[in-house]
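Reading through the structure tokens given below for one structure.
Read-outs: derived from the displayed coordinates by stated rules, not from any lab. Every value quoted in this text rests on a predicted model; they were computed, and no experiment measured them. Reconstructed Cβ throughout: ideal geometry from the backbone, glycine too, with neighbour counts over all protein chains shown.
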Amino acid sequence: MATYRPCTLRVHVHKATDLAAADFALLRKATSDPYVILSIDRQRFKTPVLLRELNPVWEGCVYDFNITQGDLYTKVLDIQVMDEDDLSADDIIGTLAIPLAQFAKQIDGLDSSAKMRSYNLNVPAEFERQKVNSQLYLSIEVIPGEHIVDGSFVPRLLKVQLHQAMDLAAADFALLRKATSDPYVIFSVESQRHKSPIISKDLNPVWDNCCYEFHLTQGDMFTKVLDVQVYDHDSASDDDLIGTTVLPLAQFEQQNEAKRRSFSLSVPDEFRKQRVNSQLVLTITVEKPEPVTADEEKEATIQKMQLEIAQLQASSRVLVNKLGRQMSLPPAASSPKAGPPPSPSRQPSIETEHDSTRRALVNELHGLLMLPKIEKFHKFKPVTQDAYASKLEDEIESLKEELAKQQQTHALAHQMKEADEDEVLRLRDEIALHKATLAATQKMMQDQLVREELQAQEMERLKIFTRSLSITEAPRPAMSPRSKSTSAMVHDDKAADDASMWL
């Protein structure tokens with residue numbers, strides 16, 4: 001059985017110093033229009049915007065986060081310092097994440113101080129050239145709530161009454177009329193979802209008799225949130241989201257009386273140029289069942305047990321008498337009509353002289369029903385003033401069983417986590433192998449390209465050499481007169497030989 005202790009984390013934003021400048025102009029010094037966004041999970045708060053200030057000071061900016069004691073050891077406070085821009089998206093000029101575990105001592109009274117401290121902001125890379133030392137000054141305090149033991153099955157009825165919305169963003173534009181919206185609201189807690197009626201052409205709509213119910217448990221009140229979305233209805237296209245907010249249910253568990261409250265809506269980026277301050281007015285109540293006093297609960301349990309015992313005794317007597325007649329055995333002593341069992345002082349002992357006969361009959365019945373035999377009768381515990389102690393013993397046993405189940409679940413989750421880690425390591429090794437294979441393949445391809453280039457150069461050299469060999473040979477040198485006469489004589493002799501052949 002889990003124990004939840006609600007807490008309030010109160011964050012006071014004081015000032016910031018030496019912020020980065022994100023707005024540049026020719027006629028004035030570079031500056032910023034800073035504001036701070038604080039968030040824990042889906043809870044989100046935003047400070048006012050201070051124009052043209054690198055050392056802003058915020059006054060009265062105190063924000064309360066609804067958390068549990070367990071959140072102090074698992075969650076962080078996420079902080080973003082932004083520069084507002086009218087014509088483009090806002091710039092992040094500093095970030096910070098503060099683990100809540102350092103404030104856990106405050107809930108036990110070990111450290112009750114909530115002094116102002118300075119926190120160093122992480123400056124984005126595009127502003128590092130300015131060499132700023134950005135600091136944010138905060139006071140953070142943990143306010144413990146009442147100790148609550150969670151009953152996972154104790155019912156809670158969450159009622160949300162929708163009254164009105166104010167200063168909504170306009171999503172429908174026309175030439176001949178003023179821009180407006182057709183708003184409606186969607187409330188949801190996980191799978192439970194409700195939708196309000198549509199109010200046509202109204203930026204300050206009012207709803208009448210719009211009340212929605214969510215069936216939850218006490219455990220849900222400390223682990224779930226109410227998700228609120230305001231839409232503009234469009235017939236020809238998808239509906240536009242014009243406002244959202246997330247309300248942790250823990251803040252309503254300890255609420256003593258119903259109050260009509262206004263909740264700020266976060267406006268999407270495409271409508272921020274309208275500079276609206278959208279608000280949603282709701283009344284949220286939690287109905288709890290009336291607790292049953294210990295005496296009434298004990299009496300109801302005793303009556304239920306007595307009725308069950310009487311029914312079992314009546315059924316057993318009927319079966320025993322029927323089997324006794326069939327087996328020609330003496331039936332059990334008749335008794336008056338079934339009713340509430342006698343008082344503990346007059347309750348007869350089950351162990352009597354007819355025990356063997358009774359056990360034989362009952363075991364015969366168990367044999368027909370394929371049930372195990374009974375070796376010995378056991379007395380019921382008398383319903384006396386010690387019933388409460390017996391109930392506590394049973395509850396302890398059930399808690400032990402629940403603890404064993406939780407330990408088994410934890411062990412199984414641990415095994416699954418180890419299996420996931422092994423799978424991650426295997427995938428990392430496989431990725432490394434693929435990277436090595438890819439690198440080797442790329443190296444082989446580069447070597448192949450180098451070889452092909454060398455072969456092309458060699459082929460080019462061979463072509464040049466071949467062309468140099470195919471050039472026509474140079475003409476022979478001129479003959480001397482003597483050589484010419486010798487050649488003429490040879491030619492004449494050859495001609496004479498040819499003539500003699502013809503003759």
* Can you list residues whose amide H is under 5 Å from S278's amide H, if they're 5+ apart or on another chain and H is modeled 1.01 Å from N? -> L265
* Asked: Which distance in nm do the two modelled labels at A360 and K131 give, with both placed 7 Å along the Cα-to-Cβ direction?
  -> 10.8
* For region 240-269, run through the trypsin sites (Lys or Arg not before Pro) and keep only the ones in DSSP coil with at most 16 other Cβ atoms within 10 Å of their Cβ. => K259
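For the pairs K178/K259; K29/K131; K195/K273; K159/K224, flag any whose C-alpha to C-alpha distance is greater than 24 Å. Don't skip to the answer; put the middle values down first.
Numbers: K178/K259 34 Å; K29/K131 16 Å; K195/K273 28 Å; K159/K224 15 Å.
Where the Cα-Cα span goes over 24 Å, the pairs concerned are K178/K259; K195/K273.
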* Structure fact -> With the label point 7 Å along the Cα-to-beta-carbon line of A258 and a cut-off under 19 Å to each amide N, the hits in region 180-195 are 187-188, 194-195
* Structure fact -> When R428, R359 are ranked with the fewest other C-beta atoms within 10 Å first, the list becomes R428, R359
* Simple Cβ-charge dipole of region 155-287, Lys/Arg +1 and Asp/Glu -1, about Cα centre, in debye nearest 20 -> 400
* With charges only on Cβ, +1 for K and R and -1 for D and E, what is the dipole size of region 3-149 about its Cα centre, in debye, rounded to 20? -> 380
* Structure fact -> Fewest-first ordering of I79, I143, I93 by Cβ atoms within 10 Å yields I143, I79, I93
